[in-house]
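Structure first, commentary second.
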Amino acid sequence: MTARATPEAMPDTIRTRHLTLRPPVPDDDDFLYALHSDPALYGHAPWARVTDREELEAVTAAWRATWQEHGFGYFVADDADTGEPLGMAGVRPADPGRLNLAYRFAAAARGRGLGRESARAVVVFAAEWLPDHVVEAVIRPGHEASIRTAEAAGLLSVGEISHAGDPAEAGVSLLLEAPRAGRVDEIGPTDREELLDLWQAVTEAGGAVGFLPGAPRDRIAQALAEHEADMRAGRSFAVGLRDPDASLVGWGWWVSPANPLLAHRRWLYRFMVDSRRQGRNLGAILLASMIGTAREDGGELLGLDYRSGTGVGDFYARQGFVEVGRIPGGIRVGAGDDRDDVEMVRRADGSPLVADGRR
């Protein structure tokens, strides 16, 4: 398997709240040498510190070669406001079908959550643009800060590994993996019960997935049967997100409009993530995977709606969706509890929305 399993439109820049992640250039070598030669950043793996400038230049040349060959790799992380380089983060091909996640920030930039912010963004990027690959991180035991960063990005520990390049006396390292998403065109009996469990748990936690807390399981099962009928008719498909242990942690449907004039559109339904796993980046990973899957399905314009008061509008906006309409009081949750019906849209390729189709 080659690492370039993505369209040529894959972006080479990621922007987060505080950072701009971009490909490395030769002018970055001074900064990267200072970063990778700083002993304060290699307390858990002192043998990996780069102490020779020529060695560092060979490493960064390999980074740039990865970008040229595959169209992705390790980014340099700049301050979004000043452009000052603060660290690096990204994924590079490891074993076939696997991507190594790395992140490292200068000592002066630590304590600001930038490692977490960059790692989360990189895993989301991989979920959308590199769906055929497993994102992994190899971390030294006891490096709690790095472990917490990887877990906040969505990864879970799956065991131990002898890492190439580590001295024999160092022993094994921890291996963590990101969840995997996949398209679902038919739901099997076991998956159906697992999905009903997830749907009911999200409903009881107050998630806006079609029901209010206390809804009986048979009503949810009836709604699921309707979705399955649409799937069999080719009107929709689902995307499921599973942790490395294969447990289902997220789900959503894309529905295609029946009107042929709207055949380029896909509509998001029943987007849900296990509320017991909050803080692990799972919602962003699932949505990114769904965007990539919709694009592969031929979707160009992606839409959704949600009810106000759920706090999800900002989440969708961070993933590129733009509010295009709102019906005040359009959803009646209960007596005296009317919410706005909010519609959001984004282009599947990430390009700006342009009125009347003008570009």
Most mobile of Ala62, Ala335, Ala108 in a GNM of the chain (Cα contacts under 10 Å):
Ala335
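Over the Cα atoms of the range 227-266, Rg to Rh with Kirkwood Rh, two decimal places?
A ratio of 1.13.
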Rh (Kirkwood, all Cα-Cα pairs) for the range 245-359, Å, reads 15.4 Å
Tally the DSSP beta bridges in the range 207-359 and give the antiparallel ones as a percent, rounded to 5.
90 percent
Among Gly113, Gly165, Gly240, which one moves the most in a GNM of the chain with springs linking Cα atoms closer than 10 Å?
Gly165
Against the globular-protein guess of 2.2 N^0.38 Å, express the Cα radius of gyration of the range 1-98 as a ratio, rounded to two decimals.
1.14
Under a point-charge model restricted to the Cβ atoms of Lys and Arg (+1) and Asp and Glu (-1), what is the dipole moment magnitude of the range 181-222 relative to its Cα centre, in debye to the nearest 20?
180 debye
For the chain, find the longest principal axis of its Cα atoms and tell me its angle to the long axis of helix 53-70, 0 to 90°, nearest 10.
30 degrees
Rounded to whole Å², per residue accessible area for the chain with a 1.4 Å probe reads 48 Å²
Hey, what's the Kirkwood Rh for the range 210-281 if you take every pair of different alpha carbons, in angstrom?
14.0 Å
If you take every DSSP beta bridge fully contained in the chain, what fraction is antiparallel? Give it as a percent rounded to 5.
90 percent
Principal axis box of the range 118-188, alpha-carbon based, largest edge first, Å
49, 26, 20
For the range 99-114, 3J(HN,Hα) per residue [Karplus equation, 6.51 cos²θ - 1.76 cosθ + 1.60, θ = phi - 60°, Hz, x = Gly/Pro]:
10, 8, 8, 9, 7, 7, 10, 4, 4, 5, 9, 6, x, 10, x, 6
If every Lys and Arg gets +1 and every Asp and Glu gets -1 at its Cβ, then about the Cα centre the range 1-130 yields a dipole, in debye to the nearest 20, of 620 debye
At q = 0.14 Å⁻¹, what log₁₀ I(q)/I(0) does a Debye calculation on the Cα points of the range 135-281 give, no solvent, two decimals?
-0.77
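As a test of the definition: which semi-axes, in Å, follow for the range 52-171 when you take the square root of five times each eigenvalue of its alpha carbon gyration tensor? Largest first, please.
Three semi-axes, in Å: 21, 18, 18.
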Expressed as a whole percentage, what fraction of the accessible surface of the range 249-296 belongs to carbon and sulfur atoms when a 1.4 Å probe is rolled over the protein heavy atoms?
53 percent
Using only Cα atoms, find the angle between the long axis of helix 189-204 and the longest principal axis of the chain, and express it within 0 to 90 degrees, rounded to the nearest 10.
90 degrees
Measuring from its Cα centre, the chain shows a charge dipole (+1 at each Lys and Arg Cβ, -1 at each Asp and Glu Cβ) which, in debye to the nearest 20, is 800 debye
Given springs between every Cα pair under 10 Å in a Gaussian network model of the chain, which of Val138, Val255, Val172 has the largest fluctuation?
Val172
Can you compute the modelled spin-label distance between Asp52 and Asp338, with each label point 7 Å from Cα toward Cβ, in nm?
7.4 nm
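For the range 244-312, count all C-alpha to C-alpha pairs, find those more than 13 Å apart, and express that count as a whole percent of the total.
Beyond 13 Å sits 68 percent of the P(r) for the range 244-312.
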Just name one of Phe321, Val135, Ala94: the one whose Cα is farthest towards the positive end of the charge dipole of the chain (beta-carbon charges, Lys/Arg +1, Asp/Glu -1).
Phe321
Using only the alpha-carbon atoms, what does the range 304-359 span along each of its principal axes? Please give whole angstrom values in decreasing order.
45, 23, 11
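The values are calculated or read from the model by the stated rules, or taken from the named source; none is laboratory data. The model shown is predicted, which means the values in this text are computed figures rather than measured ones. Neighbour counts are summed over all protein chains in view; Cβ atoms, including those assigned to glycine, are modelled from backbone coordinates with ideal geometry. Accessible surface areas use protein heavy atoms only, side chains included; no ligands, DNA or RNA. Shrake-Rupley method; radii C 1.70, N 1.55, O 1.52, S 1.80 Å.
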